[in-house]
1. Consider region 100-127. How many of its residues are part of a loop (DSSP other than H, G, I, E, B) and at pLDDT 70 or above?
2. What residue, among those in region 1-59 that are touching a Ser or Thr at 6+ places or on another chain (Cβ under 7 Å) and under 17 Å from Glu85 (Cβ atoms), is least open to solvent (accessible area, probe 1.4 Å)?
3. Only one of Val59, Val83 is modelled with pLDDT of 95 or more, assigned to a strand (DSSP E or B) and aliphatic (A, V, I, L, M); which?
4. Glu73 - would you say it is at pLDDT 90 or above and among the acidic types (Asp, Glu)?
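The values are calculated or read from the model by the stated rules, or taken from the named source; none is laboratory data. What you see is a predicted model, and the numbers here were worked out from it, not measured in a lab. Because the Cβ atoms are built from the backbone with ideal geometry, glycine has one as well, and the counts that use them run over all protein chains shown. To get the accessible areas, we keep the full protein, side chains included, count just its heavy atoms, and leave off ligands, DNA and RNA. Shrake-Rupley method; radii C 1.70, N 1.55, O 1.52, S 1.80 Å.
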Amino acid sequence: MRYICLIYNSADTDGRLTPDETDELIKAHLAFDEELRRDGIMIHSDALEMPDQATVLRVRNNTLSATDGPYVETKEHLAGFYVIEAPDLAKAKEIAGRIPSAHFGAVELRPVRTLTCRTEEERPWKA
């Protein structure tokens, strides 16, 4: 089963780390990425730009509105993610608990509900 690991940082975490601490965190993520790839667990991972680079989109009454900046209700911001393959929730928790950023923020683990498929055979539902 696929799981997404959403990495959340406190709004001040990114500015609080020294350049050396930031470099060490990035190196830890790269090593973790390689381990997951080697073990066939990693599907994809990426870091996200800072929240001030975000645009929040909403559609109300068939009208699209866009707001610059991280104007969603949260004290933490989404900083990055992993999409992993794990046989069950227990293994997914073990994997997500090793994400280096968990030491500085939080990691939300959630099963992925696959709706996009490359072939008809991959679909878990019938259209």
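1. 6
2. Selected residue: Asp33.
3. It is Val83.
4. It is false that Glu73 is at pLDDT 90 or above and among the acidic types (Asp, Glu).
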